[in-house]
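Written below as structure tokens is the structure these notes are about.
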Amino acid sequence: MKSRRCCKFAELETRLFRCTDCNREFRLQAWKAVCPSCGRHYTLVPVEERVKGPSPAYAYASALAILASATYLSLSGTQNPLIVLVPSVVGAALVLTRSRGGHLAAVLVSAVLAVMLGLPLAFIPVAGAALAVYDEYRITRYKLVRQRLKGSGMKYVEA
Ligand SMILES: [Zn+2]
């Protein structure tokens, strides 16, 4: 049996209820007879959870940072443009798949670009790598939330 005591997802120990009288929504651990807001009795009804998938904004920003770094390196003439551009375009395309492997590829390409650029411009690919890691974290978290909702038999809608 899986442990349900994980503090990270403590918020999921609660369920969403709405008062049919005052229309306010509450997160409660269990159904209550009295509305915490208006004090009416037997007005709370469970509400479907809305689970929103993480937006692709961070993946796009990561791809942009990779492409900007690669473009700068190619134009600066210090590196062979083909050696810089081909892996960078591949890395940028992979991060947009938003898979674990894609995020990893983006981090690796960003690390190489950071070394090639040197300070102070290395912060651009480093930021790109950080954005890829953050996108991976958000997707992993979203999958865990979805899994838990499914496992607990809670109704939910994907927004
Ligand atoms: Zn109420």
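The values are calculated or read from the model by the stated rules, or taken from the named source; none is laboratory data. All values reported here derive from a predicted model rather than from experimental measurement. Glycine gets a Cβ as well: all are built from the backbone with ideal geometry, and neighbour counts include every protein chain shown. Side chains are part of the model used for accessible areas, which takes the heavy atoms of the whole protein and leaves out ligands, DNA and RNA. Shrake-Rupley method; radii C 1.70, N 1.55, O 1.52, S 1.80 Å.
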Exercise for the section: Among what's in the range 26-40 and is near the ligand (Cβ under 10 Å from one of its atoms) and assigned to a strand (DSSP E or B), pick the residue that is most open to solvent (accessible area, probe 1.4 Å). Expected result: Val34
Handout entry: Extreme residue, surrounded by the most Cβ atoms within 10 Å (Cβ to Cβ), among residues of the range 125-151 that are over 19 Å from Val84 (Cβ atoms) and aliphatic (A, V, I, L, M)
Key = Leu131
Fill in the blank from the handout: Considering the range 41-50, residues that are part of a strand (DSSP E or B) and among the aliphatic types (A, V, I, L, M), and then whichever is nearest to the ligand (Cβ to nearest atom), we arrive at Leu44
Handout entry: Conditions (1) open to solvent by less than 70 Å² (accessible area, probe 1.4 Å); (2) part of a helix (DSSP H, G or I); (3) closer than 24 Å to Ser55 by Cβ: number failed by Met154
Key = (2)
Exercise for the section: Report whether or not Gly53 is within 12 Å of the ligand (Cβ to nearest atom), surrounded by fewer than 14 Cβ atoms within 10 Å (Cβ to Cβ) and either small (Gly, Ala, Ser) or at pLDDT below 90 (or both). Expected result: no
Exercise for the section: Could you please tell me which pairs satisfy a Cβ distance under 8 Å, a separation of 6+ or placement on different chains, a first residue in the range 21-40 that is hydroxyl-bearing (Ser, Thr, Tyr), and a second residue that is within 7 Å of the ligand (Cβ to nearest atom) and assigned to a loop (DSSP other than H, G, I, E, B)? Expected result: Ser37/Cys22; Ser37/Arg24
Fill in the blank from the handout: Taking the range 89-110 and keeping only residues that are in contact with a Ser or Thr (Cβ under 7 Å, 6 or more places away or on another chain) and closer than 14 Å to Ser69 by Cα, one is left with Ala106, Val109
Problem - Any hit, the range 9-20, residues being among the acidic types (Asp, Glu), more than 16 Å from the ligand (Cβ to nearest atom), assigned to a helix (DSSP H, G or I) and modelled with pLDDT under 95 - result: yes
Handout entry: Filter pass, Val45 being open to solvent by 70 Å² or more (accessible area, probe 1.4 Å) and free of Cβ contacts under 8 Å to residues at least 40 places away in the same chain
Key = no
